[in-house]
Amino acid sequence: MPSAAPSRPSLIRNVHPSVVRELLDAHARYLKGVPKGRRAVLQYVNLNNYELDGADLSEADLTGALLNGASLRGAKLSRATLFGTDLRDCDLRDADLSRCDMRGACLRGANLGGANLSNCDLREGVTAVQDEEKGLRILEHSKRPGELDYAMLQGANLNGAQMSCAFARQADFTDADLSNVTLQGARLNNAVMDGANLSGAILHNADLSRVSLRRAVLAGADLSGADLTGADLTEVLRAPPPIIYVDDLPLNEVLEAHELFCTSEGREGKVARVAEVDFRPLRRLKNRRLSGLSAPNAVFFGMDLEGAQLQGANLAGADLRGVKLRGADLRGARLVGAQLCRADLSDAKLGPLRIAEDRVIRTDLTRAALRGANLRGASAPRARFIEADLSGARLDGADLSGAEMPVGAAV
């Protein structure tokens, strides 16, 4: 009977938790530039199911490491090397993975909700390693390298990421920022990309069959050769015309007349009534005086409205996703059903607007979508958030005294 072939030695190393702690401590000193600091090198280390929430592993080398089922929620992994790393079922919510080398990493079933993956490299790749007996060979995981199948990336920032030929079938990219991402030849069939920002994305020859792209932004996206068989393109935002006209007048002139009405206390100008108008060609309305603006169901996607005066404005159903409203005055504004996902409302005024000695109008955000919105430091006393979606919203420092919050909201 022939003898059995010798088993191939495993490259994966098991290390004691105390060793991992020492490496993390030395890495912390390395990042601070203090004595006895040393970059963490955890190549091919078995870290399956480790709890590393909030850990700072920026610039660490985790090539080929096993992190299956590990918890890295809120961890800092900026510029880390995750080449060929096994991240299946890993909790990476709100983690910073910007500029990571993640070629060949397996992210099947990983939760990346709210994570920052801007400018990271997620292309398919393989890891060549030196074997003592077999020489140069390929490190193999039990799943396909470069795989994002079933991954959860709701609200994740993937701006500028390299994902050519990636496998992300049935992945959830709801409200994700995929602007300028390279997805050439990627397999995205059955993925959910509702509300995703795909501005400037390269989707040449990508498989988008049966993908849900409801309310997605495709302005400037390259879809040449893409398979969109059975895709849901309901309410998709494409590139607007260079100039928008309202009643034969350019939109900018309509707004100038509205501002004149505000500054002259109604003696001159005219109130703008611009329902369902696309404001994007104007790019920014920073610090503009637009009190009482009537723009229900209008589109402001990605615009700069910092410091804008919008007291009493009617913005019901408006698309304000990713809009900068920092310090804006929205007292008494009607925002029922508005889309405010990823909007910056930090330091905004959302309290009641006094219109007479004993009369006020409350800011109404009933049924508004505020997923991933920033409301830090916002003043929103007595505001109405009934049935609003505040999942992933940042509320620290916000004044919500007397506000009507959705059932079960944690404030």
Under 5 Å, built H, 5+ apart or other chain: amide partners of residue 294: 272, 274, 314
Cβ-derived FRET efficiency at R0 30 Å, residue 396 paired with residue 283, nearest 0.05: 0.50
In range of the label at residue 235: residues from the range 167-187 whose backbone nitrogen is under 18 Å from the point 7 Å along Cα→Cβ: 173-177
Length-normalised contact order of the range 252-411 in % [C-alpha pairs under 8 Å, at least 6 apart]: 14 percent
Loop-located trypsin sites (Lys or Arg not before Pro) in the range 33-74, at most 10 other Cβ atoms within 10 Å (DSSP): 36
Share, in percent, of DSSP beta bridges within the chain that are antiparallel, nearest 5: 15 percent
Sequence-distant residues sharing a close amide H with residue 237 (under 5 Å, placed H): 216, 217, 218
Distance violations [Cα-Cα > 29 Å] among 32/324; 270/324; 32/286: 32/324; 32/286
Max mean-square fluctuation residue, GNM over the chain, Cα-Cα springs under 10 Å, options 23, 285, 305: 23
Computed [θ] at 222 nm, deg cm²/dmol, the chain (DSSP H ≥ 4; -39,500 (n - 2.57); rounded to nearest 500): -2500 deg cm²/dmol
Efficiency of FRET between residue 214 and residue 355 - r from beta-carbon atoms, R0 60 angstrom, step 0.05: 0.95
Sulfur and carbon atoms: percent of accessible area, the range 242-410 [1.4 Å]: 44 percent
Rounded to 5, the percent of DSSP beta bridges in the range 242-410 classed as antiparallel: 20 percent
Cβ-isolated cysteines (cut-off 4.7 Å), the chain: 90, 106, 165, 262, 341
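The values are calculated or read from the model by the stated rules, or taken from the named source; none is laboratory data. Model, not experiment: these values are computed from the prediction. We place every Cβ from the backbone using ideal geometry, glycine too, and count neighbours over all the protein chains shown. Protein only, heavy atoms only, side chains kept; ligands, DNA and RNA dropped before computing areas. Shrake-Rupley method; radii C 1.70, N 1.55, O 1.52, S 1.80 Å.
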